[in-house]
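The values are calculated or read from the model by the stated rules, or taken from the named source; none is laboratory data. For clarity, every value in this text was computed on a predicted model and none was experimentally measured. Note that each Cβ is placed from the backbone with ideal geometry, even for glycine, and that neighbours are counted across all protein chains shown. Surface accessibility is based on the protein's heavy atoms, side chains included, excluding ligands, DNA and RNA. Shrake-Rupley method; radii C 1.70, N 1.55, O 1.52, S 1.80 Å.
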Amino acid sequence: MRHPEITLPRLLAHRGLSARAPENTLAAVRAAQAAGCRWVELDVQLLGDGTPVIWHDATVKRCSDGRARLADLDLPGARRLDVGAWFGDEYRGERMATLSEMLVLVDALGLGLNLELKVNRGRSAAALVEEAVPAAMEALPPERLIVSSFHAGALDAARDMAPAKRLALGVLFEGVTSDWQHRCEALEAFSVHADWTRLTERTARAVRAAGYPLLCYTANDPAAFAHQWGWGVSSAISDDPTRFLGHLPPEA
């Protein structure tokens with residue numbers, strides 16, 4: 001099968017440059033670009049009114065001055081939240097980003113995007129895919145977009161929207177399961193995304209031998225992660241990719 005001609009960097013910024021700016025915000029993506037990152041990883045899910053927004057948790061408690069479930073918010077309510085002050089005073093007044101706003105910024109900065117479809121408990125995978133995937137495909141060229149998810153139904157729905165040559169899909173795992181290759185082949189997936197702390201050398205080498213890029217999350221300690229480059233890992237997704245500068249092996 002053919003996939004978009006994606007050239008992945010060794011490092012992607014997790015939820016933007018989330019070690020230095022509030023995660024999943026416009027500010028975090030601007031910070032990532034300013035730090036020299038070429039790709040960012042971001043989460044998308046729906047508000048209660050169906051608006052796709054860049055957000056990770058099922059609630060807003062951890063990363064805002066509110067306490068609501070995302071499913072109970074409409075866009076005006078979400079806009080009233082301060083999603084930056086929890087991180088630092090310099091980000092006070094930062095607002096939750098809609099997917100459309102984020103896509104405009106990502107494109108303007110010339111970045112690649114790994115967009116994770118975040119299907120929290122009780123939410124509709126089909127509705128999220130319908131709102132998020134066509135918008136992302138319209139905003140970004142195929143070579144600068146990967147859509148990933150842990151949720152099999154979300155990936156199936158995304159796969160039904162476009163051929164593999166137009167939309168690169170990433171299959172997310174915590175521990176990579178024994179049926180990983182079957183799942184990837186059935187989806188015509190582009191890449192495998194794994195928790196680096198649960199990855200084995202045998203699995204890593206098998207993924208790479210099968211021709212899939214292997215992205216590992218969330219790697220923040222270059223020394224602890226160093227041996228995994230030798231296993232063939234393609235890219236690390238990090239809260240602060242700048243920590244890896246000077247600690248990367250030569251390009252193959």
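How do the pairs read when you match residues in the range 230-249 that are open to solvent by less than 10 Å² (accessible area, probe 1.4 Å) with residues anywhere that are acidic (Asp, Glu), using Cβ under 9 Å and keeping only pairs 6 or more apart or on different chains? Correct list of pairs: Ile237/Glu41.
Taking the stated definitions as given, is Asp179 modelled with pLDDT of 95 or more, more than 14 Å from the chain's Cα centre (by Cα), more than 23 Å from Trp39 (Cβ to Cβ) and surrounded by 16 or more Cβ atoms within 10 Å (Cβ to Cβ)? Here the answer is no, as Asp179 does not meet what is asked. Name the residues in the range 73-125 that are more than 24 Å from Leu12 (Cα to Cα) and touching a Gly at 6+ places or on another chain (Cβ under 7 Å), would you? Leu73, Asp74, Leu81, Asp82, Arg92, Gly93, Ala125, listed by residue number. When residues in the range 99-126 are screened for being open to solvent by 10 Å² or more (accessible area, probe 1.4 Å) and over 15 Å from Ile54 (Cα atoms), 10 of them pass.
Just to be sure, is Thr59 of a type in the set (Val, Ile, Thr) and closer than 19 Å to Val29 by Cβ? So Thr59 fails the test.
Report yes if Leu73 is touching a helix residue (DSSP H, G or I) at 6+ places or on another chain (Cβ under 9 Å), of a type outside the set (Val, Ile, Thr) and within 25 Å of Val133 (Cα to Cα), otherwise no. The answer is no for Leu73.
With the requirement that a residue be closer than 20 Å to Ile6 by Cβ and either in a loop (DSSP other than H, G, I, E, B) or aromatic (Phe, Trp, Tyr) (or both), what does the range 227-243 give you? Correct list: Trp229, Gly232, Val233, Ser234.
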